[in-house]
Amino acid sequence: MPGKHRDTDPQDEIEAVLGIDGNGASGMLRRGKWPILLLLVLLAAAAAYYLFGVGGSSGGVQYRTDPVSLGDIKVIVTATGSVEPTNKVDISSELSGIIRSVAVDFNSTVKVGQVLAELDTDKLNATVESSRARVNAAKARVAETEATVVEKQHELLRKQTLADRQTGSLQDLDAARAAFNRAVASLASAKADVDAAGAELKLNETNLAKTCICSPINGVVLNRNVDPGQVVASSLQAPVLFTIAEDLREMEVQVDVDEADVGKVQEGQFATFTVDAHPDRKFEARIKELRFGSEVVQGVVTYKALLTADNAELLLRPGMTATAEITVQEEKNVLTVSNEALRFSPPATDAEAGNQSFLRRLIPGMPQFRPPSRPQLTGPDRELWLPRDGAAVPVQVTVGATPVEAGQEIVVDILTPAN
């Protein structure tokens, strides 16, 4: 009815704006208004290109830098090992017996030939006396056979004289000659018995002397494993009774050098090491020997290096764990950069990392994750990054001579991108 207000349904208004009738057909297309729809599609595509394409801006990036400076550098190889005396002797007993006395204790200072312990000697003394008596008996038999030889020689001469005068028989002459020869042989046997008895006597006297367990070197007793009255049984593996270090004022550090570093280590190189007992003290040392033979421990190949160290203050003790730093190269007044600068690599660009996801572009408030960094270079050839016009520019360098100058800033880290 004209002039009367007509109530409209909201859904009808939406359909009217979109140009859709109740049957779902496009009113615009039906009324020839398709150019407007085409324009809307183009505007949507442009917006999508701006949001999700290369036209998006990642914002400016700020970098933290460190200057290139002149300084001294050292290349070191770290190795661990233990502190040991330069000469350590394990002393055992060659004979079996009962320990009669022990003359030294732990930390005792001893000299060459000093008595450390003694075995019971009663049985060996008796053996020596018996051997000496056998020697005397053998000498007496020698004297007896010498007299027999003289007797048989005279008898042989008489028989020979009678045979020459044809007053004696040849049979008697032959018997006299045989008796003389037997006497000579008996004399030789008696003399041999003297030599055998003398050798046995010497052996028993040597064993008697070995009942004294004496120090073969000048040094300090590190360990004592015997007490008076203890029975010592000498077998294929003699027990260790004492351990003596020759001179604790000169120590040796035995360290294991990894196979990756052994090519840099050479005899005569300078080193420092620390021990847990004196963590604030660095001890100086020098490589005395680098052994060719390898040692494999839990699948790791190492080579033994021997370092000599002065221990005049007696601060170092055998068995201490040592951590050594071997100086394999040292340069003075050279260009230096921090390790951060050598390790730094800027994040990959969008072209390298791929365009951001649809959801990230659509929702700008999502957390911003740092893109992955480029692979780190290894070997002498590296890259340093110089800040230029708000960007990091790579410079190819070689560890050694470089194209950078002292005082020049080098990028070491990337800060949060500016909003």
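Brief remarks follow.
- The helices (runs of 4 or more DSSP H) falling completely within region 314-419 that include 3 or more residues that are farther than 30 Å from Gly268 by Cβ and at pLDDT 75 or above map to 339-343.
- Matching residues, region 222-238, being assigned to a loop (DSSP other than H, G, I, E, B) and under 12 Å from Ile99 (Cα atoms): Asn225, Val226, Asp227, Pro228, Gly229, Gln230, Ala233
- Subset tally (residues that are among the basic types (Lys, Arg) and surrounded by fewer than 14 Cβ atoms within 10 Å (Cβ to Cβ)) for region 207-248: 0
- Identity of the residue in region 131-156, of a type in the set (A, V, I, L, M, F, W, C) and surrounded by 15 or more Cβ atoms within 10 Å (Cβ to Cβ), that ends up nearest to Gln230 (Cα to Cα): Val135
- If you go through region 241-292 and keep only what is among the polar types (S, T, N, Q) and in contact with a Phe, Trp or Tyr (Cβ under 8 Å, 6 or more places away or on another chain), you end up with Thr272, Thr274.
- Pairs where the first residue, in region 279-292, is without any contact (Cβ under 8 Å) to a residue 24 or more places away in the chain and the second is among the basic types (Lys, Arg) and part of a strand (DSSP E or B), C-beta under 7 Å, 6+ apart: Arg291/Lys304
- Scanning region 249-278 for residues that are buried (at least 19 other Cβ atoms within 10 Å of the Cβ) and either assigned by TED's automatic domain parsing to the domain that holds Arg224 or without any contact (Cβ under 8 Å) to a residue 40 or more places away in the chain (or both) turns up nothing.
- Looking across Leu116, Leu156, one residue alone is in contact with a Lys or Arg (Cβ under 7 Å, 6 or more places away or on another chain), more than 30 Å from Glu289 (Cβ to Cβ) and of a type in the set (A, V, I, L, M, F, W, C). It is Leu156.
Results for (1) over 21 Å from Ser82 (Cβ atoms); (2) in contact with a helix residue (DSSP H, G or I) (Cβ under 7 Å, 6 or more places away or on another chain), shown as yes or no for each residue.
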{"position": "Arg158", "(1), (2)": "yes, no"}
{"position": "Gly168", "(1), (2)": "yes, yes"}
{"position": "Lys202", "(1), (2)": "yes, no"}
{"position": "Thr211", "(1), (2)": "yes, yes"}
{"position": "Pro239", "(1), (2)": "yes, no"}
{"position": "Arg249", "(1), (2)": "no, no"}
{"position": "Val255", "(1), (2)": "no, no"}
{"position": "Lys264", "(1), (2)": "yes, no"}
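The values are calculated or read from the model by the stated rules, or taken from the named source; none is laboratory data. This is a predicted model, so every value here is computed, not measured. When we count neighbours, we look across all protein chains shown, and the Cβ atoms used for this are built from the backbone with ideal geometry, even at glycine.
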